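S.K.: Before we start, here is the structure in question, set down as structure tokens.
Rule-based calculations on the coordinates, nothing more; no lab input. Fair warning: this is a prediction, and the values are worked out from it, not measured in the lab. Cβ sites come from the backbone with ideal geometry, for glycine too, and all protein chains shown count toward neighbours.
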Amino acid sequence: MGKVAEFWRSDRIVRLAPVAAVACSSLLPLLQVTLSFSYEGNDGHNGLWSLAATAAYLPLHLRHVWYAARAVRPPAGRWTFTAMAVIVLGVTPLAGNMWPRAYAGLVVSALLVLPAPWSYLVFAGLVAVAAPAALLLDLPWQSAAWVAFSVLCGGGALLLLVWLAAALTRLQAAREALAQQAVAQERRRIDDDLRRTLGGALASIAARGDRVAAALTPGPADPVALTEELSGLADDSRRTLAEARRRVRGYRQPSLRAELETAATLLSAAGVETRLELPRQGVPETIPPHPRTALRAAVTRLLGAEGVRACTISATVEGGRVLLEVRADDVAETIEVPA
């Protein structure tokens, strides 16, 4: 089960989903060609017409499926759908009494390519005419009703496959966008932190350096003042270097605020109304590995749970430690972040 879950979370399923949708969409037309040759009331002439028409319209149909499964509108989709409709509908009198089952592919392409409400009208119209067309081709009424049912169910099944692949693609894109957003937020945080701390210290060092340079210009100079400026310059440099080293060590550890904001963003992107409550005095800059793992595990459980609509992530500071509370639907989990 662990390997199956890991596979569904991996990028491989996103790459394979459009291929699987195209492969499944090609099976029904191939079955249709077989029925055109073998079904009662058909002959080789009908089978050849069915084979030729399928060879003509199937690439157009699979093109629609391929683009839609990757969450992209097919270029010139209306023109290719029109060509597909002309082929499928035009060959109906010649391709045998089971050919109306091919309307399932036309239904799928209509819903993938055409805008609403035209796609729904085409969908309803094709399902409605499938049975009468089969009756006009001398198919028994029991079989004609089955043809209409197969158009409806076959088209619905293929649409679910395509929409699932598109949903996986959109989810992957959203995950990448969230990762980029988290990186950008962390860069802004580091930039603001450096500007607020080291920026002022470096400006002070530069000002002292200018004063020392001015004191060293030709002319009378006060040795005592020059010594004080040089000592102050050295002290400022040492303090700034120590602060820079401390900041670098801190940046190597994850930021608590960034972890909380990322958790709230992930839950919001999944449709969970999330509120982040932080104390006015702020929170510690870093979070140790153990509470970070616990926080991520809590978010993962919420993302996998069904029916979660609202969540509150709060942080309180008590005695130098931070208590994180993840509350959803009156169920709360507390995570302690040591000082």
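S.K.: Pull up all non-local amide H partners of T286: gap of 5 or more, or a different chain, and H-to-H distance under 5 Å with H placed in the peptide plane.
M.R.: L256
S.K.: Okay, moving on. Loop-only trypsin sites (Lys or Arg not before Pro) in segment 281-312, please: DSSP not H, G, I, E or B, and at most 16 other Cβ atoms within 10 Å.
M.R.: Sparse-neighbourhood loop trypsin sites (Lys or Arg not before Pro): R309.
S.K.: I need E259, E306, E277 ordered by Cβ neighbour count within 10 Å, fewest first.
M.R.: E306, E277, E259
S.K.: Moving on to the next point. From the backbone phi of segment 44-61, what are the Karplus-calculated ³J(HN,Hα) couplings (6.51 cos²θ - 1.76 cosθ + 1.60, θ = phi - 60°) in whole Hz, Gly and Pro given as x?
M.R.: With the stated coefficients, segment 44-61 comes to x, 4, 5, x, 5, 4, 5, 5, 5, 5, 5, 4, 7, 8, 4, x, 5, 5 Hz.
S.K.: Using a Förster radius of 22 Å, what is the FRET efficiency between F37 and L121 based on their Cβ-Cβ separation? Nearest 0.05, please.
M.R.: According to the calculation, E is roughly 0.10.
S.K.: Could you list I335, I287 so that the one with the fewest beta carbons within 10 Å of its beta carbon is first and the one with the most is last?
M.R.: Fewest to most other Cβ atoms nearby, the residues stand as I335, I287.
S.K.: Hey, fewest Cβ within 10 Å first, where do F149, F123, F37 land in order?
M.R.: F149, F37, F123
S.K.: I've got another one for you. Taking 2.2 N^0.38 Å as the expected size of a compact globular protein, what ratio does the Cα radius of gyration of segment 2-171 give against it, to two decimals?
M.R.: Ratio of Cα Rg to 2.2 N^0.38 Å: 1.07.
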